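Student: Would you mind keeping the following structure in view while I ask a few things?
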Amino acid sequence: MIHLLDFQNVVRHFSGLVAVDGVSFSVSNGETLGLLGPNGSGKTTLLNMISGALKPTSGLISLNGSRISGLSPNQIAHRGIARTFQLVRCLPSLSVSENVIAALAFGKEKLWGQEAKDRALQELKFVGLGDRANEDVSSLTYIDQKRLELARALATNPDVLLLDEWLAGLNPVELTEGIDLIHSLQDTGTTIILVEHIMEAVRALCHRCIVMNAGRIIADDATAIALENPEVIQAYLGVPDA
Amino acid sequence: MNIVNSIKIVSYGIVLLILSIIPFVAGPYGVELLTGLMGYIILATAWAMFSGPTGYISLATVAFFGIGAYTVAVLSEVLPYPLVLLAAAGTGLVVSLVVGLATLRLAGVYFVIFTFGLAELIRQLVTWYEVNITGTLGRYVFLPLEPVHIYWQLLFLAVVTLVTAAYVSKSRSGFALRIIGDDETVAQHCGINLARTKLFLFAISATIITLVGAIQAPRWVYIEPAIVFNPTLSFMTLIMALLGGSRQLWGPLIGAVTLFMLFEWLSTHFPNHYSIILGFLFITIVFFVPNGVLEFIKKILVRRLKKSSKTIPSKRETA
């Protein structure tokens, strides 16, 4: 398999605290990778370093063989990485369709005018918001705002899509809908990195899982195997009392 | 659609024609009033071009205005007038790029305080230079320009500013500013180069503001830092744009006309209490119509429309 995204000995310090401590792994084209670990284990820091929101203290991150660590988020977006946020971030003063045009107008393709409107509608239809294009963002429910954020990320036509707890906070019906939506994304061949706590979703979606604890990788394996790893269980549930 | 557009263009043309010939009937006071008004229309519109969508509240308006006026004072006897204006615009552009590079990373209240400090800094620097190097505080601006010439120049600049603002608001850069105003992190992840976008539009806005100062300088004949770097001008511009609605094309213009006329009336009728009323107005506007009058009216209309569409089915239900 060709490696799309590569981490080589990546370290990130926050003054004294080591949030990510010498992490190396690769992601293959078309793969869905789950990034798991207890709170504070370094998952979101890792995601932020891929998208450029944070720069690694040392180490190398490369996409398609060329270095992306050290580039600004807008440059990384142009290279083909898109993300959603842990707390949903829609643009409140823009309409639903304008939220998607935001990514189309300044992304790789730089679409504008009618072309951008048509493509925005296409992306909105894909996430199930086709009939709400002209509404205000404030009229959307929580799941619909998440759908919109996904449509915005997809509009950049990314090689790698980063989903930061995209399924968190959904009710059971919405969760099923959300998982189905990501499944249909997988069918298009998009490479996905998923930070997620909902095990049902991880099992249903991820081909492979990386489990982190205290900034280090403690397991990197096919999902079923990684989740059975004793060290992983211990990191999540703690050591049994004597 | 084309008919609507051509009607629009014709009516703009008629308004422009009326505004151009009005000085012939308005008399000296009228021309003076129109000149002041036109100046504020440009200032508020240019200010809102950048600060409206981004929410970066700049109090540096008077810094650029004063730079324009001083460039004219220094160069008016050395260079021909059109070149003097060009030099003023150039100075404004260079200063705005330097200031922009240094400050546009700041956000929120830090940016406001910095821009306010910048205006004071430039004023003090100019004062220091004049007192210690040239040995005088004020300068005379003698240019063979009549008040009506100044008015026409400002009218022309106002048209250019409004056309630019309209173009920017519909352009990709204008759209980028709105996204930045909503969420800078998302803007970056959409692929927007924050520094370049903000700097570009801040510089356009600041250059126009500099030109207003340059064109108006001959009005006073005598200028000194306390006159052309008076911070009240920054606050007036800000409050005019906010009153009308800084995110609408015509908002700043409406705010400028309303408040300029009101201040003119207040300063003649309540010369001693003028500042108190001004302060009170500032607070009222920020408190009650923070998004401007135009936005406020729009909201009320939308609410009424929604109400009237809701009342119809409820009547049917009761029947």
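Student: May I ask you to say which residue of A:L237, A:L185, A:L194, A:L161 is farther than 28 Å from A:S66 by Cα and either crowded, with 17+ Cβ neighbours inside 10 Å or free of Cβ contacts under 8 Å to residues at least 24 places away in the same chain (or both)?
Tutor: Selected residue: A:L237, the only one of A:L237, A:L185, A:L194, A:L161 that is farther than 28 Å from A:S66 by Cα and either crowded, with 17+ Cβ neighbours inside 10 Å or free of Cβ contacts under 8 Å to residues at least 24 places away in the same chain (or both).
Student: Here's a follow-up. Quick one: which of B:A187, B:A195 is more than 30 Å from B:Y129 (Cα to Cα), among the aliphatic types (A, V, I, L, M), without any contact (Cβ under 8 Å) to a residue 12 or more places away in the chain and assigned to a helix (DSSP H, G or I)?
Tutor: Values: B:A195 fails: without any contact (Cβ under 8 Å) to a residue 12 or more places away in the chain.
Step by step, each of B:A187, B:A195 is checked, and only B:A187 is more than 30 Å from B:Y129 (Cα to Cα), among the aliphatic types (A, V, I, L, M), without any contact (Cβ under 8 Å) to a residue 12 or more places away in the chain and assigned to a helix (DSSP H, G or I).
Student: Return the total of residues in the stretch B:183-213 being facing chain A (nearest Cβ under 10 Å) and crowded, with 21+ Cβ neighbours inside 10 Å.
Tutor: 8
Student: Still on this structure, I have one more. Looking at B:T54, is it modelled with pLDDT of 95 or more and over 14 Å from the mean Cα position of the chain (by Cα)?
Tutor: Considered against the rule, which asks whether it is modelled with pLDDT of 95 or more and over 14 Å from the mean Cα position of the chain (by Cα), B:T54 comes out as no.
Student: With without any contact (Cβ under 8 Å) to a residue 60 or more places away in the chain, touching an Asp or Glu at 6+ places or on another chain (Cβ under 9 Å), aliphatic (A, V, I, L, M) and surrounded by 16 or more Cβ atoms within 10 Å (Cβ to Cβ) as the only criterion, which of A:I61, A:I101 stands out?
Tutor: The match here is A:I61.
Student: From the list A:A204, A:A224, A:A219, which residue is among the aliphatic types (A, V, I, L, M), loosely packed, with under 14 Cβ neighbours inside 10 Å and not in a loop (DSSP other than H, G, I, E, B)?
Tutor: Values: A:A204 fails: loosely packed, with under 14 Cβ neighbours inside 10 Å; A:A219 fails: loosely packed, with under 14 Cβ neighbours inside 10 Å.
Being among the aliphatic types (A, V, I, L, M), loosely packed, with under 14 Cβ neighbours inside 10 Å and not in a loop (DSSP other than H, G, I, E, B) holds for just one of A:A204, A:A224, A:A219, which is A:A224.
Student: Right, next: Within the stretch B:73-112, work out how many residues are in contact with a Leu (Cβ under 7 Å, 6 or more places away or on another chain) and farther than 26 Å from B:L154 by Cα.
Tutor: Here the count works out to 3.
Student: Given the structure, is A:N157 modelled with pLDDT under 90 and either under 26 Å from A:G52 (Cβ atoms) or within 14 Å of another protein chain (Cβ to nearest Cβ) (or both)?
Tutor: Working: modelled with pLDDT under 90: yes; either under 26 Å from A:G52 (Cβ atoms) or within 14 Å of another protein chain (Cβ to nearest Cβ) (or both): yes.
Answer is yes for this residue.
Student: Residue check, A:A53 against (1) crowded, with 17+ Cβ neighbours inside 10 Å; (2) more than 8 Å from chain B (Cβ to nearest Cβ); (3) under 14 Å from the mean Cα position of the chain (by Cα); (4) without any contact (Cβ under 8 Å) to a residue 24 or more places away in the chain, all met but one. Which one?
Tutor: Just one mismatch for A:A53, condition (2).
Student: Follow-up. So B:R178 ticks every box in (1) part of a helix (DSSP H, G or I); (2) within 14 Å of chain A (Cβ to nearest Cβ); (3) buried (at least 24 other Cβ atoms within 10 Å of the Cβ); (4) not small (G, A, S) but one. Which box is left unticked?
Tutor: (3)
Student: B:S169 is checked against (1) away from chain A (no Cβ under 14 Å); (2) in a helix (DSSP H, G or I) and fails just one. What number does that condition carry?
Tutor: Exception for B:S169: condition (1).
Matching residues to (1) within 8 Å of chain B (Cβ to nearest Cβ); (2) surrounded by fewer than 21 Cβ atoms within 10 Å (Cβ to Cβ):
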site: A:Q75; (1), (2): no, yes
site: A:A82; (1), (2): yes, no
site: A:R89; (1), (2): yes, yes
site: A:P92; (1), (2): yes, yes
site: A:S95; (1), (2): no, yes
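The values are calculated or read from the model by the stated rules, or taken from the named source; none is laboratory data. What you are looking at is a predicted structure, and each value in this text was computed from that prediction instead of being measured. Note that each Cβ is placed from the backbone with ideal geometry, even for glycine, and that neighbours are counted across all protein chains shown.
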